[in-house]
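Worksheet: one structure, shown below.
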Amino acid sequence: AFFRDMLAPVLKAAGYDVSLHASAADALGALRAGYRPLVILSDIEMPEMDGLQFASAVRAEVGAAPLPMLALSSHATPSLMERVRAAGFDAFVAKFDRQALIAKIREHTTAWDRAA
């Protein structure tokens, strides 16, 4: 909750509409109800369902639909990076690197726009 509440104003200031979900289950419920965000940002470390499980579930829900997903974590190890990609994330961003996060969002949403 702390990081989510800290990140939302940063994204809003960058011009993005932000939809916050209290849990991975809530976010999956929104996807099942037809909500399609421009990009999904997810922490790797979450209670109940971690980010890797969440990414796998999202990919199962939306299939091949163009929906970029970015993983956020304060731990960047080669092993984690490999697991992040295998779970279905498109990129990894260090949790507190706001500039890199905005750059990755722009990079991935622009790439999807061109592919659509």
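The values are calculated or read from the model by the stated rules, or taken from the named source; none is laboratory data. Predicted, not measured: the structure shown is a model, and the values here were computed from it. We place every Cβ from the backbone using ideal geometry, glycine too, and count neighbours over all the protein chains shown. SASA here: full protein model, heavy atoms, side chains in, ligands and nucleic acids out. Shrake-Rupley method; radii C 1.70, N 1.55, O 1.52, S 1.80 Å.
Could you please find all residues in segment 1-25 being closer than 22 Å to VAL62 by Cα and open to solvent by 80 Å² or more (accessible area, probe 1.4 Å)?
ASP17, LEU20
I need the full set of residues from segment 32-80 which are polar (S, T, N, Q) and touching a Lys or Arg at 6+ places or on another chain (Cβ under 8 Å), in order please.
Correct list: SER73, SER74.
Which condition number in (1) open to solvent by 80 Å² or more (accessible area, probe 1.4 Å); (2) under 24 Å from ALA22 (Cα atoms) is the one that PHE92 fails?
(1)
Regarding segment 93-116, can at least one residue be identified that is within 15 Å of ARG4 (Cβ to Cβ), hydroxyl-bearing (Ser, Thr, Tyr) and either in contact with a Pro (Cβ under 8 Å, 6 or more places away or on another chain) or not in a helix (DSSP H, G or I) (or both)?
The answer is no, given that none of the residues of segment 93-116 is within 15 Å of ARG4 (Cβ to Cβ), hydroxyl-bearing (Ser, Thr, Tyr) and either in contact with a Pro (Cβ under 8 Å, 6 or more places away or on another chain) or not in a helix (DSSP H, G or I) (or both).
Considering segment 71-85 alone, what residues qualify as being touching a residue at least 24 places away in the same chain (Cβ under 8 Å) and either open to solvent by 70 Å² or more (accessible area, probe 1.4 Å) or under 10 Å from ALA55 (Cα atoms) (or both)?
Residues satisfying the conditions are ALA71, HIS75, ARG83, VAL84.
Being open to solvent by less than 50 Å² (accessible area, probe 1.4 Å) and at negative phi: is that true of ALA60 here?
No.
For ALA94, only one of the following conditions fails: (1) more than 21 Å from ALA8 (Cα to Cα); (2) at pLDDT below 90. What is its number?
Of the numbered conditions (1) more than 21 Å from ALA8 (Cα to Cα); (2) at pLDDT below 90, the odd one out for ALA94 is (1).
Given the conditions (1) on the phi < 0 side of the Ramachandran plot; (2) outside any helix (DSSP H, G or I), which single one is not true for ALA86?
Single failed check for ALA86: (2).
Where in segment 1-74 are there helices (runs of 4 or more DSSP H), lying fully within it, with 3 or more residues that are modelled with pLDDT under 90 and of a type outside the set (Val, Ile, Thr)?
By residue number, 2-13.
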